[in-house]
Structures are given as structure tokens and as C-alpha cells.
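The values are calculated or read from the model by the stated rules, or taken from the named source; none is laboratory data. Note that this is a predicted model, so its numbers are computed, not measured. We place every Cβ from the backbone using ideal geometry, glycine too, and count neighbours over all the protein chains shown.
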Amino acid sequence: MFIEMKVSGIILDPHTNVPIVILKDGEGKWTLPIWIGILEASAIAMELEKIKIHRPLTHDLLKNILEHLKAKMLKIEITDLKDNTYYALIYLEVEGKEMAIDSRPSDAIALALRTEAPIYASTEVLTKSRHLDAQEFTQENKDKWTEILENLDPEDFGKYKM
């Protein structure tokens, strides 16, 4: 089963300064933090802030290619979590046929934001993510992350320079 998620924002891991994209469901039941690269974080942040630049970056280029080929981005799905690595699929419709393309979640999210395609995460991934958190963090760190994720303020996201 898949649950629709929205990008809540991007924060920096306070210990490593690695960007984390935060996905949340509409009911507030699920939060999915995904550690991502700085370039992908920048691409996501630019789209969240609606920052336009003079020349297209990679995800803008992909969007333009899809439009020119008359391909429609239907959705993305975050499908798996193995060995601390998340997996995603981008679903496209091309000439009436649906196809799924393997992708890193960060790239899929950056493209989904640009095409206004919905973002889904499997309940299995959401459950694994919670289990992973429980295994890898001490209770003190887990409590700190829970507090950080629960108290995210959208106005904070503009504070982080990418």
C-alpha cells in the first residue's frame, strides 16, 4: 500500500550537516526523513522556494525533455529501503503507455515538484524507516529527532543556504 506524501521541507542533520528532505503525509501520521546530496537538496529547495534561474539545471532540463516528448509524469513512489538506501520509481505516460523508471528518491522528488506529480511512499518503507531509526539511534537521539521533525516550521526552510 502507498501513502501520498508532501515535501515538508529540507533540514540539515545537526551532526553531519548533510541535507535531509522531510516527507509527511496529509494526516500527520507518517514522517519520512531521507538523507540526500547537496545538489539534490539545492534543486528541491529552489523549487520549494520557486526560485527561477536563467538557464535550466538538470531537473529543469528533464522536465523540459518530458514536455517536448509529450510524456506525462504520473507519480513517483518510494518503493524500498535496503542497507540504508532508499529506492524510488518515476512513473511516466508516453504515447498512452505507462512505464516505471528506477530513480534515486531525491531526483524523483525534485522532478515531481517541478511537474506537480504526486509523491507516494510504501507503508513498508515507512515502517522500515521507523524500525531503522529505533535501531540506529540512542533513545536520546531518537527523542531529539522526534522533537525536530514534529516541530518543523516551514519558515525555517528558507534559512538554510544550499
Inset, instruction - Take region 133-153 and flag every residue that is in a loop (DSSP other than H, G, I, E, B), surrounded by 11 or more Cβ atoms within 10 Å (Cβ to Cβ) and modelled with pLDDT of 60 or more. - result: Leu152
Inset, instruction - Can you give me the number of residues within region 26-37 that are touching a residue at least 60 places away in the same chain (Cβ under 8 Å) and within 12 Å of the chain's Cα centre (by Cα)? - result: 6
Inset, instruction - Quickly run through region 22-61 and pick out the residues that are within 18 Å of Glu4 (Cα to Cα), surrounded by 12 or more Cβ atoms within 10 Å (Cβ to Cβ) and touching a Lys or Arg at 6+ places or on another chain (Cβ under 9 Å). - result: Leu23, Lys24, Asp25, Trp30, Thr31, Leu32
Inset, instruction - For Arg130, state whether it is among the basic types (Lys, Arg), part of a helix (DSSP H, G or I), over 18 Å from Pro33 (Cβ atoms) and at pLDDT 60 or above. - result: no
Legend entry - Top-ranked residue of region 5-37 - restricted to ones that are part of a loop (DSSP other than H, G, I, E, B) and among the aliphatic types (A, V, I, L, M), ranked as nearest to Ala110 (Cα to Cα): Ile36
Inset, instruction - Would you please list the contacts, defined by Cβ atoms under 7 Å and residues six or more apart or on different chains, that run from a residue in region 63-81 that is farther than 28 Å from Thr123 by Cβ to a residue that is acidic (Asp, Glu) and surrounded by 12 or more Cβ atoms within 10 Å (Cβ to Cβ)? - result: Ala71/Glu93
Legend entry - Count of residues meeting criterion [surrounded by fewer than 21 Cβ atoms within 10 Å (Cβ to Cβ) and either of a type in the set (Lys, Arg) or not in a loop (DSSP other than H, G, I, E, B) (or both)] in region 62-88: 16
Inset, instruction - May I ask you to verify whether Glu40 is acidic (Asp, Glu), outside any strand (DSSP E or B) and within 11 Å of the chain's Cα centre (by Cα)? - result: yes
Inset, instruction - Could you list, in sequence order, all residues of region 89-127 that are modelled with pLDDT of 95 or more, part of a helix (DSSP H, G or I) and hydroxyl-bearing (Ser, Thr, Tyr)? - result: Ser106, Thr115, Thr123
Inset, instruction - Only residues in region 1-25 that are farther than 16 Å from Met46 by Cα and free of Cβ contacts under 8 Å to residues at least 40 places away in the same chain count as the first member; pair them with residues that are of a type in the set (Phe, Trp, Tyr) and in a loop (DSSP other than H, G, I, E, B), Cβ under 8 angstrom, at least 6 apart or cross-chain, and list the lot. - result: Lys24/Trp30
